[in-house]
Amino acid sequence: MNDLSPLPQYLVKRYEGWKATIHSENHAWYRRLAEEGQRPRAMVISCCDSRVHVTSIFGADSGEFFIHRNIANLVPAHAPDGQQHGTSAAVEYAVTALKVTHLIVMGHTRCGGVAGCHAMCSGHAPEMDEATSFVGRWMDILRPGYERVKDLPEDQQVPALEREAVMTSIRNLLTFPFVKEAVEAGTLTLHGLIHDIADGTLVQATGDGTRWTPV
Ligand SMILES: [Zn+2]
């Protein structure tokens, strides 16, 4: 195998800047994190989208958030089938080993994954229907959500599907026995948010998730 290349120079420069400033000025904090291990209070599940800057939004330092990112911030239902489930593994570790007290699902506006799901389900993206489409099969998690929004006025369907993505994940989280137990014991709270990329606002789901209010 001879497939690897050195890191591009612009990243090397940025790394050197970080090491000389932020890391150097907080050396004791990083050492403590290394020696004592991580104790994040919250897990965040967000989209891979580069515009969703979770740590920046909450002003979070290293060690504060256990973050899992995937296409359209989706959590599949509990499926103990012996297969490889990256998202489920992250949830299991956060809840049972790290014992996070808050689990936040953060969706966002203009989500390409959600828009793709809408196109697929409405018959406009046949390539995503192929068995070989990883994105398509991943977005199957949100197909029931499409059924709930497809009769809305057209311009409201994708924004509603973004909220469905968050609430589908919340409902699926509760199918994991250890999540349900922790929520019922009062040691874990679940939160659903949508981050507006353009204006920076956050809205949160309340009650059964049919009402969304500004943070
Ligand atoms: Zn997205």
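The values are calculated or read from the model by the stated rules, or taken from the named source; none is laboratory data. Keep in mind it's a predicted model, so treat the numbers as computed, not measured. Methodologically, a virtual Cβ is constructed for each residue, glycine included, from the backbone with ideal geometry; neighbour enumeration extends over all protein chains shown.
For the structure I just gave you, tell me whether Asp3 is within 16 Å of the ligand (Cβ to nearest atom) and more than 30 Å from Thr187 (Cβ to Cβ).
Considered against the rule, which asks whether it is within 16 Å of the ligand (Cβ to nearest atom) and more than 30 Å from Thr187 (Cβ to Cβ), Asp3 comes out as no.
From the list Asn70, Asn2, pick out the single residue that is of a type outside the set (A, V, I, L, M) and in the same structural domain as Leu188 (by TED's automatic domain parsing).
Exactly one residue qualifies, and that residue is Asn70.
So which residues in the stretch 63-84 are in a strand (DSSP E or B) and touching an Asp or Glu at 6+ places or on another chain (Cβ under 9 Å)?
Within the stretch 63-84, just Arg69 meets the criteria.
Kindly provide the set of residues from the stretch 26-51 that are touching a Ser or Thr at 6+ places or on another chain (Cβ under 8 Å) and of a type in the set (Val, Ile, Thr), ordered by number.
The answer is Ile45, and nothing else.
Return the residue satisfying two criteria in turn: it lies in the stretch 52-71 and is touching a Ser or Thr at 6+ places or on another chain (Cβ under 8 Å) and in contact (Cβ under 8 Å) with a residue 40 or more places away in the chain, and of such residues it is farthest from Ala182 (Cα to Cα).
By that ranking, first place goes to Val52.
Table: residues versus (1) in contact with a helix residue (DSSP H, G or I) (Cβ under 7 Å, 6 or more places away or on another chain); (2) aromatic (Phe, Trp, Tyr).
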site: Tyr10; (1), (2): no, yes
site: Trp18; (1), (2): no, yes
site: Thr21; (1), (2): no, no
site: Arg32; (1), (2): no, no
site: Gly37; (1), (2): no, no
site: Met43; (1), (2): yes, no
site: Cys47; (1), (2): yes, no
site: Arg51; (1), (2): no, no
site: Asn70; (1), (2): yes, no
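Residues Ala94, Ala28, Ala60, Ala89: which one is surrounded by 13 or more Cβ atoms within 10 Å (Cβ to Cβ) and part of a helix (DSSP H, G or I)?
Matching residue, one of Ala94, Ala28, Ala60, Ala89: Ala94.
When you scan the stretch 72-84, do you find a residue that is away from the ligand (no atom under 16 Å from the Cβ), touching a residue at least 12 places away in the same chain (Cβ under 8 Å) and of a type in the set (A, V, I, L, M), even just one?
yes
Any idea which residue in the stretch 103-133 is farthest from the ligand (Cβ to nearest atom), counting only those that are loosely packed, with under 15 Cβ neighbours inside 10 Å and closer than 27 Å to His191 by Cα?
It comes out as Arg110.
List the strands (runs of 3 or more DSSP E) that sit entirely inside the stretch 97-215 and contain at least 1 residues that are under 29 Å from Gly37 (Cβ atoms) and modelled with pLDDT of 95 or more.
102-108, 189-195
Rundown of residues vs (1) surrounded by 17 or more Cβ atoms within 10 Å (Cβ to Cβ); (2) charged (D, E, K, R); (3) in contact with a Cys (Cβ under 6 Å, 6 or more places away or on another chain), yes/no style:
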| position | (1), (2), (3) |
| --- | --- |
| Pro144 | no, no, no |
| Leu152 | no, no, no |
| Val158 | yes, no, no |
| Glu162 | yes, yes, yes |
| Leu173 | yes, no, no |
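Any residue at all in the stretch 34-55 that is within 16 Å of the ligand (Cβ to nearest atom), in contact with a Cys (Cβ under 8 Å, 6 or more places away or on another chain) and in a loop (DSSP other than H, G, I, E, B)?
yes
Give all pairs with beta carbons closer than 8 Å in which a residue from the stretch 139-153 that is more than 18 Å from Glu127 (Cα to Cα) meets a residue that is of a type in the set (Val, Ile, Thr) and in a helix (DSSP H, G or I); count only pairs at least 6 apart in sequence or on separate chains.
Pro144/Thr168; Gly145/Thr168
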